[in-house]
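**Student:** I have a structure here, written as structure tokens, and I will follow up with some questions on it.
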Amino acid sequence: MKKLLLFCLPFLFLAIKTTATKPVDRDSTLLLRWLDEQKLSQPVGVSWGVPWPMGTVKKNQVFALSGDNKSNITLQTWPLAYWPDGSLKWSGFAAVVEPGAGPLTLSKVKGKATPPANGILVKEDNNVVKINSGALQCIIPRSGNILIDSLIVENRVVGSKGRLECLLQNGPDDGFYSPAREKYISKISKVTVEQSGPVKAVVRIQGMVQSEKGNRSWLPFNIRAYFYAGSKAVRFVNTITYDGNDQKDFIKGLGMVFSVPMREQMHNRHVRFAGEGNGIWAEPVRPLVGRAFFMQNRVNVFPDQLAGKPVGNLDKFDPRTQGFIKDLPIWNDYRLVQNTADGFNIQKRTNLRSTWIDAAAGKRSTGLAFVGDIKGGLAVGLKDFWQSYPTALEIRNAASDMAELHVWLWSPTSEAMDMRHYDTIPHGLDATYEDVQPGFSTPYGINRTSELTLFASADVPSNETLSNEARISSQPPLLVVTPEYLHSVKIFGEWSLPDRSVPGKKWIEDQLDKAISFYQKEVDQRNWYGFWNYGDVMHTYDNVRHTWRYDIGGFAWDNTELGTDMWLWYSF
């Protein structure tokens, strides 16, 4: 009975008669709230959608967004869908929301929209697309290997040569031999400006990765870069499609790479990693700490140096101290590796001929790295970093004129990505609900989307700022309308709001809540994480082995077969 109930719960809501709810006044302002009730610590660009009842919103309707202080927030809107009568069915919105804006309301207003005085600017020509948010300038080439040519803050380039790199291995990992490897790099085929302001700009970049030494191109990518007025951040949403041969195309590493100019002396260059929670691991490339204190004006400079504040150049120290500083090691390379959902470690080394040494360790990193000097640098955060292991953040050549920041979507320190089927012979469908057929049991055509956020900076951000940026990149803020409003519009068909008005309905609501809670706990208990697994659940439990039937063919991952995705969306 319990198993039958668990199987049927996703569909119970379809059988519940829609509860009568208090009508929503569709001509009044709409209340918006933050999903997960996030509190902003810095201005953030956000996009969201709102549905409308048929016939209530005209095609060219003007909207206004305001906070609890009644001040208007600059708003951009565009149509997403229309009803058969020509009225708006869905509208898209974008705004930059400041901390302390309080509850937000969206309202329909009369008249024409007035463009903001300081909106985002987009310029195109045959060679590049230039975006100016007011705080950040970005140049995107229309062809070649480089996806982002430069990120400019306060007239200084703080990031450049953003590209996608893939390390392809000809065969699986084996302890007795090393299969041949080849490096592939992004090659652009098409660049499209999909939105050009005034609040948000979206640039779509399409292409494939191409061999550095040969002519082969594969692994199509589809990237959208999002920019917001007044913001130094860029949201980078990258979808790759596996179109290789699973018998020989094993991805050993896949990631985004950015070059970061390093202009200052070694002790004014810095590296940062986000650890667990709000924790930030912070070190200078040459820490001014040793057997002696390093003094300027009779003050030990190390506390300020560790905080990323400017420290006087070498010639500002007395001659004896200069000699001590020259004897201090320079750390050239750093990496944070998350090869499981429950453990990461941070290492660093001085050069290619020397070993990596352990610097720190933890369980679940929020997935952000920074490299730069006191005149600026670049931080990049990866959403679902530890959940999508094996991942890594790597900084190379911090002691050179141009450092490299690698955000590994698939870490090269892990085993190569193996896309082969779990068996080579077919098994009867009556026995295991799985079969092997030529051309059908392949991963060809599957997709994976990764979300990165780039934070350009004109200095070394404080640990508090980096911690806030890590939180934004790992859980991007999102505005939503209330469930009551969504229910009143009836845009999603028949479903009900929680209703415990009578014992029978209370029992059903409680069972639904228990089932959702059960699956939420199972994700962590069963370690349903990983690059290809995170977001899916299993659907058949083995009471004898006390585990889900992970190895019995189609009894394992749910995918969309049993409507779990529909169940979760209706619960949302």
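The values are calculated or read from the model by the stated rules, or taken from the named source; none is laboratory data. Not measured: the values here are computed from a predicted model. Please note: Cβ atoms are built from the backbone with ideal geometry, for glycine as well, and neighbour counts cover all protein chains shown. Just so you know, the surface numbers come from the protein's heavy atoms only, side chains and all, with ligands and any DNA or RNA stripped out. Shrake-Rupley method; radii C 1.70, N 1.55, O 1.52, S 1.80 Å.
**Student:** If Pro284 satisfies all but one of (1) within 39 Å of the chain's Cα centre (by Cα); (2) in contact (Cβ under 8 Å) with a residue 40 or more places away in the chain, what's the number of the condition it fails?
**Tutor:** Pro284 satisfies all of (1) within 39 Å of the chain's Cα centre (by Cα); (2) in contact (Cβ under 8 Å) with a residue 40 or more places away in the chain except (2).
**Student:** Being polar (S, T, N, Q) and in contact (Cβ under 8 Å) with a residue 12 or more places away in the chain is the filter; apply it to the range 149-184 and report the residue that is surrounded by the fewest Cβ atoms within 10 Å (Cβ to Cβ). Working first, answer last.
**Tutor:** Residues of the range 149-184 polar (S, T, N, Q): 150, 155, 160, 169-170, 178.
Narrowing further to those that are in contact (Cβ under 8 Å) with a residue 12 or more places away in the chain: 150, 160, 169-170.
Numbers: Ser150: 20, Ser160: 18, Gln169: 21, Asn170: 13.
Once the filter is applied, the top-ranked residue is Asn170.
**Student:** Residue check, Ser354 against (1) in contact (Cβ under 8 Å) with a residue 12 or more places away in the chain; (2) within 27 Å of Val311 (Cβ to Cβ), all met but one. Which one?
**Tutor:** Only one criterion is unmet by Ser354, namely (1).
**Student:** A follow-up question, please. Just to be sure before I move on: is Ser496 of a type in the set (Ser, Thr, Tyr), more than 30 Å from Phe440 (Cα to Cα) and assigned to a loop (DSSP other than H, G, I, E, B) in the structure I sent?
**Tutor:** Yes; evaluated as a whole, the condition is true for this residue.
**Student:** Only one of (1) in contact (Cβ under 8 Å) with a residue 40 or more places away in the chain; (2) closer than 19 Å to Asn533 by Cα is not met by Leu378, so which one is it?
**Tutor:** Leu378 satisfies every listed condition except (2).
**Student:** A follow-up question, please. For the range 212-225, what are the residues that are part of a strand (DSSP E or B) and open to solvent by 10 Å² or more (accessible area, probe 1.4 Å)?
**Tutor:** Passing the criteria: Ser217, Pro220, Asn222, Arg224.
**Student:** While we're looking at this one, here's another question. Checking the conditions here, which among Glu276, Glu264, Glu283 is part of a loop (DSSP other than H, G, I, E, B), within 26 Å of Ile472 (Cα to Cα) and acidic (Asp, Glu)?
**Tutor:** Glu276
**Student:** Since Leu568 meets every condition but one in (1) surrounded by 15 or more Cβ atoms within 10 Å (Cβ to Cβ); (2) part of a helix (DSSP H, G or I), which condition does it not meet?
**Tutor:** (1)
**Student:** Taking the range 347-401 as the search range and keeping residues that are among the acidic types (Asp, Glu) and part of a loop (DSSP other than H, G, I, E, B), which one is surrounded by the fewest Cβ atoms within 10 Å (Cβ to Cβ)?
**Tutor:** Asp401
**Student:** Tell me, yes or no, whether the range 505-516 has at least one residue that is in a helix (DSSP H, G or I), in contact with a Leu (Cβ under 9 Å, 6 or more places away or on another chain) and charged (D, E, K, R).
**Tutor:** Yes, the conditions are met somewhere in the range 505-516.
**Student:** Might you let me know whether the range 414-432 holds any residue that is over 30 Å from Lys248 (Cβ atoms), surrounded by fewer than 18 Cβ atoms within 10 Å (Cβ to Cβ) and without any contact (Cβ under 8 Å) to a residue 40 or more places away in the chain?
**Tutor:** Within the range 414-432, one or more residues are over 30 Å from Lys248 (Cβ atoms), surrounded by fewer than 18 Cβ atoms within 10 Å (Cβ to Cβ) and without any contact (Cβ under 8 Å) to a residue 40 or more places away in the chain.
**Student:** Here's a follow-up. Tell me the residue from Gly275, Gly279 that is more than 24 Å from Arg156 (Cβ to Cβ), in contact (Cβ under 8 Å) with a residue 60 or more places away in the chain and buried (at least 21 other Cβ atoms within 10 Å of the Cβ), please.
**Tutor:** One residue alone meets the criteria, Gly275.
**Student:** Can you pull out the residues in the range 425-448 that are outside any strand (DSSP E or B) and closer than 22 Å to Asp243 by Cβ?
**Tutor:** Of the residues in the range 425-448, the ones outside any strand (DSSP E or B) are 425-446.
Matches in the range 425-448: Val436, Gln437, Pro438, Gly439, Phe440, Ser441, Thr442, Pro443, Tyr444, Gly445, Ile446.
**Student:** Yes or no: Gly530 closer than 30 Å to Thr482 by Cβ, of a type in the set (Gly, Ala, Ser) and in a loop (DSSP other than H, G, I, E, B)?
**Tutor:** no
**Student:** Restricting to the range 113-144, and then to whatever is part of a strand (DSSP E or B) and of a type in the set (A, V, I, L, M), can you tell me which residue is most open to solvent (accessible area, probe 1.4 Å)?
**Tutor:** Ranking the qualifying residues of the range 113-144, first place goes to Leu121.
**Student:** Tell me which residues, restricted to the range 470-521, are surrounded by fewer than 16 Cβ atoms within 10 Å (Cβ to Cβ) and acidic (Asp, Glu).
**Tutor:** Listed by number, the residues that qualify are Glu484, Glu494, Asp510, Asp513.
**Student:** Right, next: Would you check which residues across the range 226-257 are assigned to a strand (DSSP E or B) and under 30 Å from Trp78 (Cα atoms) and list them?
**Tutor:** Tyr226, Phe227, Tyr228, Ala233, Val234, Arg235, Phe236, Val237, Asn238, Thr239, Ile240, Thr241
**Student:** Take Ala94 and tell me if it is assigned to a strand (DSSP E or B), hydrophobic (A, V, I, L, M, F, W, C), touching a Phe, Trp or Tyr at 6+ places or on another chain (Cβ under 8 Å) and more than 20 Å from Val489 (Cα to Cα).
**Tutor:** Spelling it out, Ala94 is indeed assigned to a strand (DSSP E or B), hydrophobic (A, V, I, L, M, F, W, C), touching a Phe, Trp or Tyr at 6+ places or on another chain (Cβ under 8 Å) and more than 20 Å from Val489 (Cα to Cα).
**Student:** Give the residue, chosen from Lys252, Lys316, that is open to solvent by 60 Å² or more (accessible area, probe 1.4 Å) and within 26 Å of Met402 (Cα to Cα).
**Tutor:** Lys316
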